[in-house]
Amino acid sequence: MSSLSNRQIKLGARPVGLPTPSCWEPVTGPARDPEVGEVLVKVLYLSLDPAMRGWMSDARSYIPPVKLGDPMRAGGIGVVVTSNDPALAPGDYVYGWLNAQEYATLKAASLTKLDPAVTPLTTYLNVLGSPGMTAYFGLLEVGRPKSGETVVVSGAAGAVGMTVGQIAKIKDCRVVGIAGGPDKCRRLTEELGFDAAIDYKAGGLNAALREHCPKGIDVYFDNVGGDTLDACLARLAMHARVVICGAISQYNATTAVAGPKNYLSLLVNRASMQGMLVFDYADRYPEAARVMGGWLAAGKLKGREHVVKGSIADFPDTLLMLFKGENLGKLILHIADA
Ligand SMILES: NC(=O)c1ccc[n+]([C@@H]2O[C@H](COP(=O)([O-])OP(=O)(O)OC[C@H]3O[C@@H](n4cnc5c(N)ncnc54)[C@H](OP(=O)(O)O)[C@@H]3O)[C@@H](O)[C@H]2O)c1
């Protein structure tokens, strides 16, 4: 065992509703030395994702649940401390499933080497990482927006949503974002080029959609589900495409998930509704990263990271920020410097 002390946040119990402190088990022990083919990585940044709530439950999903007693699953960026594989050297920056802990010992082949000279490291957790890939493939492959069409995105001030809206603008669409609070809405229109933004917390969502989408919604990119999905279904244009990316309003539900009441709008408008999972596009990530890297460099696409500086002990509270709407852009926990 290494002489390095490793604090971990393990899953102690499965949550009912919002995760509470009793779900977590902070544990300290020695970091494990790398075996042949492995590296020891110091964790610098951890990604906080709404999907984590699903991974904490034992319901059947697209990925196995985190086992009780295991460190919480989390993507992250770190720096190699010790290497037992020729592919990586101490000092290399890497991305992978580092999990909620200070040090990760894992196979070198499971990690992606990053170049910090190309872009700030946190971009690899945002536009050039999973949220960016989700936005790119969800919008372009499933939503298939055409120039001049109206695209509505919910969760618009979050990591996936703000990239969806900006890509839709690049594709010459009219873009309407739905987000919580006047400040988030103002930033979408003033800083990120959205044509309009609707504060769903202010009430009157149906009227606001009528006002801002006079010709109906051609593409609805759904990150939240629930009442917002229903309101958008009621406003679909003919041949609209609804992208089911996520349903954060339902992730902590303790009763049955609220299904869409207005689904007959799909029939009336010959519309379609399709789920998407980013992992299905893994072999095309390099293509998306090339295109979006170009847009970033050209100033056509802006990445916003909401970085919380703290320690691994802050992981549980930082995760809750997603469900309280306290993040603007991609939520990241920064636990150490290289
Ligand atoms: N399908 C895939 O492959 C895939 C991949 C990545 C992410 N996702 C999904 O994409 C969605 C966005 O993920 P993200 O990582 O970009 O998170 P995010 O949008 O950066 O953060 C979550 C945001 O959700 C909003 N929210 C929280 N509770 C809400 C509620 N009850 N009703 C409406 N909005 C609520 C909050 O914004 P407000 O202040 O606006 O309420 C919060 O800031 C999630 O549903 C996630 O599960 C799917």
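So the values come out like this:
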{"read-out": "Qualifying residue in the range 245-263 (condition: closer than 27 Å to residue 148 by Cβ, over 17 Å from the mean Cα position of the chain (by Cα) and hydrophobic (A, V, I, L, M, F, W, C))", "value": "no"}
{"read-out": "Scan of the range 154-170 for residues that are over 13 Å from residue 195 (Cβ atoms) and outside any helix (DSSP H, G or I), ordered by number", "value": "154, 155, 157, 158"}
{"read-out": "Those residues of the range 152-165 which are open to solvent by 10 Å² or more (accessible area, probe 1.4 Å) and not small (Gly, Ala, Ser), in sequence order", "value": "160"}
{"read-out": "Criterion violated by residue 53 - all others in (1) within 16 Å of the ligand (Cβ to nearest atom); (2) within 19 Å of residue 332 (Cβ to Cβ); (3) of a type outside the set (Ser, Thr, Tyr); (4) assigned to a loop (DSSP other than H, G, I, E, B) satisfied", "value": "(4)"}
{"read-out": "Of all residues in the range 178-226 being under 27 Å from residue 255 (Cβ atoms) and charged (D, E, K, R), the one that is surrounded by the fewest Cβ atoms within 10 Å (Cβ to Cβ)", "value": "201"}
{"read-out": "Selection from the range 1-41 of residues that are touching a residue at least 24 places away in the same chain (Cβ under 8 Å), open to solvent by 50 Å² or more (accessible area, probe 1.4 Å) and closer than 30 Å to residue 323 by Cβ", "value": "7, 14, 16, 18, 21, 25, 26"}
{"read-out": "Scope the range 306-320; condition more than 18 Å from residue 251 (Cβ to Cβ) and either more than 10 Å from the ligand (Cβ to nearest atom) or at pLDDT below 95 (or both); matching residues", "value": "307, 308, 309, 310, 311, 312, 313, 314"}
{"read-out": "Leading residue by the ranking (nearest to the ligand (Cβ to nearest atom)) among those in the range 321-335 that are open to solvent by 10 Å² or more (accessible area, probe 1.4 Å) and farther than 17 Å from residue 302 by Cβ", "value": "325"}
{"read-out": "Checking residue 157 against (1) within 11 Å of the ligand (Cβ to nearest atom); (2) of a type outside the set (S, T, N, Q); (3) touching a Phe, Trp or Tyr at 6+ places or on another chain (Cβ under 6 Å), the condition it does not meet", "value": "(3)"}
{"read-out": "Residue ID - most open to solvent (accessible area, probe 1.4 Å), chosen from residues in the range 271-320 that are polar (S, T, N, Q) and over 25 Å from residue 142 (Cα atoms)", "value": "311"}
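The values are calculated or read from the model by the stated rules, or taken from the named source; none is laboratory data. This one's a predicted model, so the numbers in the text were calculated from it and none came from an experiment. All Cβ positions, glycine included, derive from the backbone under ideal geometry; neighbour counts span all protein chains shown. The area values use the complete protein model at the heavy-atom level, side chains included, leaving out ligands, DNA and RNA. Shrake-Rupley method; radii C 1.70, N 1.55, O 1.52, S 1.80 Å.
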